[in-house]
Amino acid sequence: AAAVLVREHAFRPWQGLVVAAAGLVLISFLWDSKLDWPRGIKIGLPAFLTVMGFLISEPIWQRYNPMQQFARLGDASYSIYIVHFFFISAIATLFQKSQWTRDTFGPYGFTALMVVVGLGSGLLAHLYIEKPLLRIVRGWLPRRQPRTGLAAAKV
């Protein structure tokens, strides 16, 4: 839905920053609120606004080299999705069984560690497993011929 809205409407990139900021603010206020709203409205709508805002503001991110590094997270998103659970589960078990780790890191340290481990493990899996496997599999597939004539015009 966000992709269709972005494609069909002529938003300006700065408007995307406003929409993303509004989504993030709503998430922060509604996440632990006592409102008896459905989860889709309470969390889903702000998350939707955040994603849509970042889609709209993409031209801004493309101009700045440090921000382009976030594209690597997008490239690695499937690997992050697949492997983060295993590493985070192991560390969560360690925190659960060890009073020292709970006292040393606390809830914010635990959360920061989970983000770093989840993203790091996924990025490493992307670089050293997913990309090499994709290269191998693409080598097995026949090369696509460029489209010509009517078939190319339909794209």
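The values are calculated or read from the model by the stated rules, or taken from the named source; none is laboratory data. For clarity, every value in this text was computed on a predicted model and none was experimentally measured. As a convention, Cβ positions derive from the backbone with ideal geometry for all residues, glycine included, and neighbour counts pool all protein chains shown. Just so you know, the surface numbers come from the protein's heavy atoms only, side chains and all, with ligands and any DNA or RNA stripped out. Shrake-Rupley method; radii C 1.70, N 1.55, O 1.52, S 1.80 Å.
In terms of the mean number of neighbouring beta-carbon atoms within 10 Å, the peptides 118-128, 138-148 order highest first as 118-128, 138-148.
Counting only heavy atoms of the protein chains, get the accessible area per residue of the chain (1.4 Å probe) and round it to a whole Å² value. Please list the in-between numbers first.
Values: 12130 Å² over 155 residues.
Here the residues of the chain average 78 Å² of exposed surface.
Between the alpha-carbon centres of region 1-79 and region 90-122 there is a gap of 27 Å. Among 52-60, 104-112, the peptide with the highest mean count of other Cβ atoms within 10 Å heads the list, and the full ranking is 52-60, 104-112. Among the chymotrypsin sites (Phe, Trp or Tyr not before Pro) found in region 19-53, those both in a DSSP coil and sparsely packed, with 12 or fewer other Cβ atoms within 10 Å of their Cβ, are W31.
Over region 41-155, the fraction of Cα-Cα pairs per 5 Å bin, rounded to whole percents and listed from the shortest bin up, is 2, 9, 11, 11, 14, 17, 15, 9, 5, 3, 2, 1, 1, 0. Each of L134, L24, P59 was scored by the projection of its Cα onto the charge dipole of the chain, and the greatest displacement toward the positive side belongs to L134; charges sit on the C-beta of Lys, Arg, Asp and Glu. Helices assigned as whole DSSP H runs in the chain whose Cα atoms extend at least 15 Å along their own long axis and whose mean Kyte-Doolittle hydropathy is 0.5 or higher are found at 13-30, 45-56, 77-97, 99-125.
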